[in-house]
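Visitor: One structure is given below, represented as structure tokens, and several questions about it will come after.
The values are calculated or read from the model by the stated rules, or taken from the named source; none is laboratory data. None of the values given here were measured: they were computed from a predicted structure. Virtual Cβ from ideal backbone geometry, glycine too; neighbours counted across all protein chains shown. Ligands, DNA and RNA are excluded from the accessible area calculation, which covers all protein heavy atoms including side chains. Shrake-Rupley method; radii C 1.70, N 1.55, O 1.52, S 1.80 Å.
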Amino acid sequence: QVQLVESGGGLVQPGGSLRLSCAASGTSFKISVMGWFRQAPGKQREMVAVISSGGNTNYADFVKGRFTVSRDNGKNEVALQMNSLKPEDTAVYYCHGIVGARNYWGQGTEVTVSS
């Protein structure tokens, strides 16, 4: 069973930075896509940034130029560097991975941007 475990959330002031990390375990198969989604209170879950095993990335428009996704295929880890954070970035951030045709999710880590 694939497990994704996030770390790095917390409280940060507007304009600040945070780095989220996610480690995958429980599979010897390639994780074709890894990335991050988020869900704010009262809103649907939305894609933030994803990265393929080959390094191709895709970002939501609202984070372009501020967030950077990266991954270490050897360690099955993915990270999200978040800069210039805004109050509207407040949400629970979920790590996501695709193995074969199956989607896997982490338990989520909370990010709060507030002064």
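Visitor: Express the accessible area of the chain per residue in Å², computed with a 1.4 Å probe while the remaining protein chains stay in the model.
Guide: On the way: 6100 Å² over 115 residues.
Here the per-residue accessible area is 53 Å².
Visitor: Suppose R0 equals 25 Å; then what is the FRET efficiency for K86 and S25 from their Cβ-Cβ distance, rounded to the nearest 0.05?
Guide: Numbers: r = 33 Å, r/R0 = 1.30.
Calculated value: 0.15.
Visitor: Taking just the alpha-carbon atoms of region 30-69, what radius of gyration and Dmax come out, in angstrom?
Guide: Just the Cα atoms of region 30-69 yield Rg and Dmax of 11.1, 35 Å.
Visitor: Taking only the alpha carbons of region 1-112, what extent do you get along each of the three principal axes, in Å, biggest first?
Guide: That gives 40, 25, 21 Å along the principal axes, largest extent first.
Visitor: Ignoring ligands, DNA and RNA, what percent of the 1.4 Å accessible area of the chain is carbon and sulfur?
Guide: Working: 2860 of 6100 Å².
The C+S portion of the solvent-accessible surface of the chain is 47 percent.
Visitor: Just going by the charge dipole of the chain, with Lys and Arg at +1 and Asp and Glu at -1 on Cβ, which of C22, Q44, I98 is farthest out on the positive end?
Guide: The Cα lying farthest towards the positive end belongs to I98.
Visitor: Related question: Starting from region 16-51, pick out the chymotrypsin sites (Phe, Trp or Tyr not before Pro) whose DSSP state is loop and whose Cβ has at most 16 other Cβ atoms within 10 Å. Show your work: numbers first, answer last.
Guide: Working: sites: F29, W36, F37; in loops: F29.
Those satisfying the criteria are F29.
Visitor: In whole Å, what are the extents of region 55-115 along the principal axes defined by its C-alpha atoms, from largest to smallest?
Guide: Result, largest extent first: 41, 24, 20 Å.
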